[in-house]
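A short worksheet on the structure shown next.
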Amino acid sequence: MTSALMANYGHPELQFARGQGVYLYTADGERYVDFTMGIAVNCLGHCHPHLIAALKRQADTLWHTSNLFSNEPTETLAKRLVELTFADRVFFANSGTEAVECGFKMMRRYHYHHGRKQRVRIISLTQSFHGRTLAPVAACLNPLHTEGFLVGDAGFDQVPFGDLDALRAAISDRTAGIILEPVQGEGGIRTVSVEYLQAVRQICDEHGILLMFDEVQSGIGRTGYLFAHEALGVAPDLLASAKGLGGGFPIGACLSREHVAEVMTAGTHGSTFGGNPLATSVANAVLDVLTEPGFLTQVNQRAGQLRAGIDALSEQYPGILAGHTGLGLMVGLRCAGSNADLLKAMATHKLLAVKAGGNSVRLLPPLNISAAEVDESLALLASACADLASL
Ligand SMILES: *Cc1c(COP(=O)(O)O)cnc(C)c1O
């Protein structure tokens with residue numbers, strides 16, 4: 001099959017024609033269990049009826065006005081996000097990288113507004129991932145993403161994950177803020193410790209600098225909490241959300257406390273599509289389901305079931321699996337062998353997952369997966385392990 005697409009994603013062999021719940025189907029009707037969920041995007045599985053209804057209703061009503069005018073679904077979504085979180089204000093974008101970019105601009109503008117024009121530098125952690133536009137790429141310093149793209153350091157400093165001394169040493173009178181993922185995604189499903197996060201919060205407060213969490217992947221119920229930082233008990237000043245927020249419809253959001261949001265006066269920032277009513281209607285429907293009583297409890301129950309199954313398989317196949325990391329249904333499968341080999345063996349048994357750093361495999365099932373579907377998936381994982389063990 002020749003493709004007119006650029007080669008930046010390689011050339012994926014698998015093509016899917018439709019999806020339903022946890023399953024993806026090829027045009028030939030071959031069924032796969034999808035633990036990629038579009039990289040933690042389809043948080044309620046494929047083609048959830050409540051999301052379809054919201055999208056169809058909005059499609060018949062109003063598609064787009066730009067931010068020249070306000071619209072009801074977008075105002076409602078912002079109010080709901082404020083009510084459900086630490087935040088006082090919301091800016092809507094279309095993707096994770098744009099939500100992060102907005103936060104970077106706000107960190108600088110905050111200090112500029114208060115007459116501290118030299119405070120422009122932003123600190124990130126090693127193995128982080130914040131997106132693919134230029135500022136997030138400069139923040140993450142992943143050589144695969146920076147080569148041939150970067151001009152200077154673009155105002156970013158990086159310190160080792162979990163190292164408080166290095167963080168303290170990196171702070172200067174030019175530092176504007178710190179960005180981190182409470183649970184790193186691409187970097188290999190690594191959770192920061194509560195002690196570390198509390199200390200980072202304290203350091204930020206001492207220096208009058210801002211703390212931003214990137215919860216593009218860890219947010220929207222993925223960890224069994226609406227946002228992962230709730231599990232860790234530390235609140236940020238700014239937060240980037242995207243991925244699961246639209247359940248498959250592109251949307252991003254930068255959430256902020258008032259003292260930072262107040263500097264974003266008329267004309268400072270914008271997005272033509274941001275706050276598009278099709279996107280915000282679907283996101284409202286996602287929140288309808290996520291905030292149903294008991295929904296997040298069930299996420300934690302399925303996570304416990306999946307993780308217990310992985311523990312058992314790790315004991316049975318110590319040469320292949322080495323336990324799990326992460327929180328809730330943001331599961332890192334630690335590989336004792338190669339993660340590429342495990343992914344391939346899983347795909348042979350029609351179980352799809354995502355590669356991650358630290359020689360791990362990311363399992364990102366839909367949040368509404370059933371107990372029977374978790375068992376089915378564990379059986380497929382067991383078959384993949386058995387294949388590898390017999391080599
Ligand atoms: C995916 C991701 C991003 C980038 O989101 P896009 O929608 O691809 O721009 C940023 N941060 C984290 C933690 C992510 O997982």
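The values are calculated or read from the model by the stated rules, or taken from the named source; none is laboratory data. Given the structure is predicted, the values throughout are model-derived calculations rather than measurements. In this analysis, Cβ positions are derived from the backbone assuming ideal geometry, glycine residues included, and neighbour counts consider all displayed protein chains. For the accessible areas, the whole protein counts, side chains as well, though only heavy atoms, and no ligand, DNA or RNA atoms are used. Shrake-Rupley method; radii C 1.70, N 1.55, O 1.52, S 1.80 Å.
The table below lists the values:
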quantity	calculated
Sum of side-chain charges, Gly29 neighbourhood, beta-carbon under 13 Å (Lys, Arg +1; Asp, Glu -1)	+1
Packing rank of 317-327, 2-12, where each peptide gets the mean count of other beta carbons within 10 Å, highest leading	317-327, 2-12
For the chain, with +1 on Lys and Arg beta carbons and -1 on Asp and Glu, the positive-most of Leu51, Pro143, Ile310 along the dipole	Pro143
The chain, accessible surface, carbon-and-sulfur percent (1.4 angstrom probe)	55
Centroid-to-centroid separation of region 263-314 and region 25-42 [C-alpha atoms, Å]	19
Orphan Cys of the chain, criterion: no other Cys C-beta under 4.7 Å	Cys43, Cys47, Cys140, Cys204, Cys335, Cys385
Tensor-based shape of region 247-373 (alpha-carbon gyration tensor, a/c under 1.5 rounded, otherwise prolate or oblate)	prolate
Nearest-ten-degree value, helix 72-84 long axis tilted from longest Cα axis of the chain	90
Using alpha-carbon coordinates, inclination of helix 49-59 to the longest axis of the chain, degrees	50
Ordering of 297-304, 144-151 by burial proxy (mean other Cβ atoms within 10 Å per residue, highest first)	297-304, 144-151
Peptide ranges 362-369, 132-139 listed from the most packed, as the mean C-beta count within 10 angstrom indicates	362-369, 132-139
With Cα atoms, 0 to 90° folded angle of helix 339-348 axis to the chain main axis	50
Cα convex hull volume per residue for the chain (Å³)	154
Inter-part distance where region 356-370 and region 135-159 are each reduced to a Cα centre, Å	27
Cross-link reach list, lysines versus Lys105, counting only Cα pairs under 25 Å and skipping chain neighbours closer than eight places	Lys79, Lys117, Lys243
About the Cα centre, charge dipole magnitude for the chain (Lys/Arg +1, Asp/Glu -1 at Cβ), debye	560
Inter-centroid distance (Cα atoms) of region 182-217 relative to region 63-102, Å	23
Heavy-atom surface of the chain, accessible at 1.4 Å and reported per residue (Å²)	44
Shape of region 141-270, Cα gyration tensor, a/c cut at 1.5	rounded
Phi to ³J(HN,Hα) by Karplus 6.51 cos²θ - 1.76 cosθ + 1.60 over region 306-323, Hz, x for Gly, Pro	5, 5, 5, x, 5, 4, 4, 5, 5, 6, 6, 10, x, x, 10, 10, 10, x
